[in-house]
Amino acid sequence: MRDASQFPRFSDAEIASRHERVMGIIDDNDLDAILFFGAGQFSTDIYWLTDWPGGREAYVLFQKDGAPVVINQLFNHVPMARVLSVIDDVRWAGANTAATVSEAMGKRGLSGKKIGLVGSIPYRHYLRFTEDHPDTTFSDVSNAFRMMRTIKRPEEIARLRKASDLTDKSITAVAEGLKAGMREDEIPYLIESAYLKEGGYAGIHFMTSMSMTDPDFPVPSQFHSSRKLQNGDCLITEISGAYWGYSGQIHRTFSLGQPTDEWQKLHDVAVEGYLAIENTIKDGATTTDVEIAADIIHDRGYTILDDLLHGVNQSPPIIQTRKSKRHENSEITFRENMAITIQPNVMTNDERMGLQFGETVIVTKTGCERLNAYPREWVVCKG
């Protein structure tokens, strides 16, 4: 018989703390309830609230006066939700998810009240809610919730350590297994074999292989080709092994043969930029401080168009360099126990070649604590 003890679990004290903090957001924003939405496995907001990894379309209705309820769209996910969810009231949404959620709002006395929204709620659902409850005030409190979640508690940091260890093992597997003649789309087998046997699961496996003397792609690709690696190639990567809702992202470059001078210089600047950012971050530093530190990448004659850093699982803060930022971001102050992925993707200005160097860290009072232990170097493979 399946029971929750057969799965990784957060403690009762951890869950109670989370629910208490949600109530704090309700009080701070003068709300009567918050409606959370998530879609897909390990939908992080739903998982954080329920200790159940989530389903294809799931809502959690959390109200000031009354027990919370989970409403899930796909019935095949409901039995496991009833095993794992710390919220006892788990319901199947039936044929119309929006109608079921809207009905639950009405039956719980929330018509005409103030409801906060968290997550990318489908527009058709939102229209149904506003049509059924025209006197209800809906407001987006996603940012307040996400910023609250940026500070990780000890049990979350333990998950991040586990995920980072699994990610290091996957990087080691690539370093030891990469060889000439291997197809690019075979490499995920090396990566996944390293962590699946230890209870991990796939986060992201972005990678691109190319000749070092004829580079043609500046970023790790989301899709893997059937191209066969050859001596003289390099492989640029962005890899995350994950463990029950938390990922340990890392970025390293591999080659079959020694790097060319051009590639080594590019890698050295990426590491230099990474260290400038890492050495800037500590409790009390700001995202503006990081943007200034990252100027060194442009000063060295390169550019960066991707995010400089982001919170784990794509949470705040998410920033770019001052020269390449896509929009003006509100300044964020780093706080102790934030979990950050630093990931400068340094490129030539013609976008002909580029690579990422990065790791996942925890912000401390005086700096950053590494979660990845893999050496900070260009990896030359023997294969």
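The values are calculated or read from the model by the stated rules, or taken from the named source; none is laboratory data. Worth saying up front: this structure is predicted, and the values here are computed from it rather than measured. Positions of Cβ are generated from backbone atoms using ideal geometry, with glycine treated the same way; all protein chains shown enter the neighbour counts.
Condition test on residue 15, is it surrounded by 15 or more Cβ atoms within 10 Å (Cβ to Cβ), more than 24 Å from residue 138 (Cα to Cα), in contact (Cβ under 8 Å) with a residue 40 or more places away in the chain and aliphatic (A, V, I, L, M)?
yes
So which residues in the range 173-182 are surrounded by fewer than 20 Cβ atoms within 10 Å (Cβ to Cβ) and touching a helix residue (DSSP H, G or I) at 6+ places or on another chain (Cβ under 7 Å)?
Of everything in the range 173-182, those that are surrounded by fewer than 20 Cβ atoms within 10 Å (Cβ to Cβ) and touching a helix residue (DSSP H, G or I) at 6+ places or on another chain (Cβ under 7 Å) turn out to be 173, 177.
Please pick out the residue among 162, 179 that is within 22 Å of residue 263 (Cα to Cα) and either within 16 Å of the chain's Cα centre (by Cα) or not in a helix (DSSP H, G or I) (or both). Outline the logic, then answer.
On the way: 162 fails: within 22 Å of residue 263 (Cα to Cα).
Of the residues listed, the single one that is within 22 Å of residue 263 (Cα to Cα) and either within 16 Å of the chain's Cα centre (by Cα) or not in a helix (DSSP H, G or I) (or both) is 179.
Here is a yes/no grid of residues against (1) closer than 25 Å to residue 266 by Cα; (2) surrounded by fewer than 18 Cβ atoms within 10 Å (Cβ to Cβ):
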{"site": "196", "(1), (2)": "no, yes"}
{"site": "203", "(1), (2)": "no, no"}
{"site": "222", "(1), (2)": "yes, yes"}
{"site": "232", "(1), (2)": "yes, yes"}
{"site": "235", "(1), (2)": "yes, no"}
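Suppose the filter is surrounded by fewer than 17 Cβ atoms within 10 Å (Cβ to Cβ), over 17 Å from residue 23 (Cα atoms), among the basic types (Lys, Arg) and in the same structural domain as residue 20 (by TED's automatic domain parsing); does residue 64 pass it?
Working: surrounded by fewer than 17 Cβ atoms within 10 Å (Cβ to Cβ): yes; over 17 Å from residue 23 (Cα atoms): no; among the basic types (Lys, Arg): yes; in the same structural domain as residue 20 (by TED's automatic domain parsing): yes.
In short, no.
Here is a check on your reading of the model: is residue 77 of a type outside the set (S, T, N, Q), out of contact with any helix residue (DSSP H, G or I) (no Cβ under 6 Å at 6 or more places or on another chain) and at pLDDT below 95?
Working: of a type outside the set (S, T, N, Q): yes; out of contact with any helix residue (DSSP H, G or I) (no Cβ under 6 Å at 6 or more places or on another chain): yes; at pLDDT below 95: yes.
Yes; evaluated as a whole, the condition is true for this residue.
Just give me the residues in the range 24-64 being hydrophobic (A, V, I, L, M, F, W, C), farther than 17 Å from residue 137 by Cβ and in a helix (DSSP H, G or I), in sequence order.
46, 48, 49
Can you tell me which residues in the range 317-338 are modelled with pLDDT of 90 or more, over 20 Å from residue 271 (Cα atoms) and not aromatic (Phe, Trp, Tyr)?
Within the range 317-338, 317, 331, 332, 333, 335, 336, 337, 338 meet the criteria.
What's the number of the condition residue 159 fails, among (1) at pLDDT below 95; (2) in the same structural domain as residue 311 (by TED's automatic domain parsing)?
In the conditions (1) at pLDDT below 95; (2) in the same structural domain as residue 311 (by TED's automatic domain parsing), residue 159 misses (1) alone.
Find all pairs meeting these conditions: Cβ atoms under 7 angstrom apart; at least six residues apart or on different chains; first residue within the range 185-213 and in the same structural domain as residue 174 (by TED's automatic domain parsing); second residue among the basic types (Lys, Arg).
These pairs meet every condition: 194/169; 195/169; 209/227.
Mind checking which residues of the range 67-77 are surrounded by fewer than 19 Cβ atoms within 10 Å (Cβ to Cβ) and more than 22 Å from residue 110 (Cβ to Cβ)?
74, 75, 76
Where residues in the range 301-340 are touching a residue at least 60 places away in the same chain (Cβ under 8 Å) and out of contact with any helix residue (DSSP H, G or I) (no Cβ under 6 Å at 6 or more places or on another chain), which of them is nearest to residue 250 (Cα to Cα)?
Checking each candidate, the answer is 312.
So is residue 185 loosely packed, with under 15 Cβ neighbours inside 10 Å, of a type in the set (D, E, K, R), more than 18 Å from the chain's Cα centre (by Cα) and more than 21 Å from residue 210 (Cα to Cα) or not? Before the answer, list the steps.
Details: loosely packed, with under 15 Cβ neighbours inside 10 Å: yes; of a type in the set (D, E, K, R): yes; more than 18 Å from the chain's Cα centre (by Cα): yes; more than 21 Å from residue 210 (Cα to Cα): no.
Taking the combined requirement at face value, the residue does not satisfy it.
Taking the range 106-122, which residues are part of a loop (DSSP other than H, G, I, E, B) and either in contact with a Phe, Trp or Tyr (Cβ under 6 Å, 6 or more places away or on another chain) or among the β-branched types (Val, Ile, Thr) (or both)?
Step one: of the range 106-122, the residues part of a loop (DSSP other than H, G, I, E, B) are 108-113, 119-122.
Within the range 106-122, 119, 121 meet the criteria.
Within the range 25-46, take every residue that is surrounded by fewer than 22 Cβ atoms within 10 Å (Cβ to Cβ) and under 22 Å from residue 243 (Cα atoms) and give me the one that is nearest to the chain's Cα centre (by Cα).
44
Go over the candidates 103, 131, 186 one by one and state the one that is at pLDDT 95 or above, over 23 Å from residue 72 (Cα atoms), in a helix (DSSP H, G or I) and not aliphatic (A, V, I, L, M). Break it down into steps so the answer makes sense when it comes.
Values: 103 fails: over 23 Å from residue 72 (Cα atoms); 131 fails: over 23 Å from residue 72 (Cα atoms).
Of 103, 131, 186, the one residue that is at pLDDT 95 or above, over 23 Å from residue 72 (Cα atoms), in a helix (DSSP H, G or I) and not aliphatic (A, V, I, L, M) is 186.
For the condition at pLDDT 95 or above, of a type in the set (Lys, Arg) and in a loop (DSSP other than H, G, I, E, B), what is the one hit in 21, 91, 82, 9?
Details: 21 fails: in a loop (DSSP other than H, G, I, E, B); 91 fails: in a loop (DSSP other than H, G, I, E, B); 82 fails: in a loop (DSSP other than H, G, I, E, B).
Criteria check complete, one pass: 9.
Would you please name the residue that is surrounded by the most Cβ atoms within 10 Å (Cβ to Cβ), looking only at residues in the range 116-150 that are more than 30 Å from residue 339 (Cα to Cα) and β-branched (Val, Ile, Thr)? Break it down into steps so the answer makes sense when it comes.
So in the range 116-150, the residues more than 30 Å from residue 339 (Cα to Cα) come out as 123-138.
Okay, now just the ones that are also β-branched (Val, Ile, Thr), so 130, 136-137.
On the way: 130: 12, 136: 19, 137: 13.
Only one residue fits best here, namely 136.
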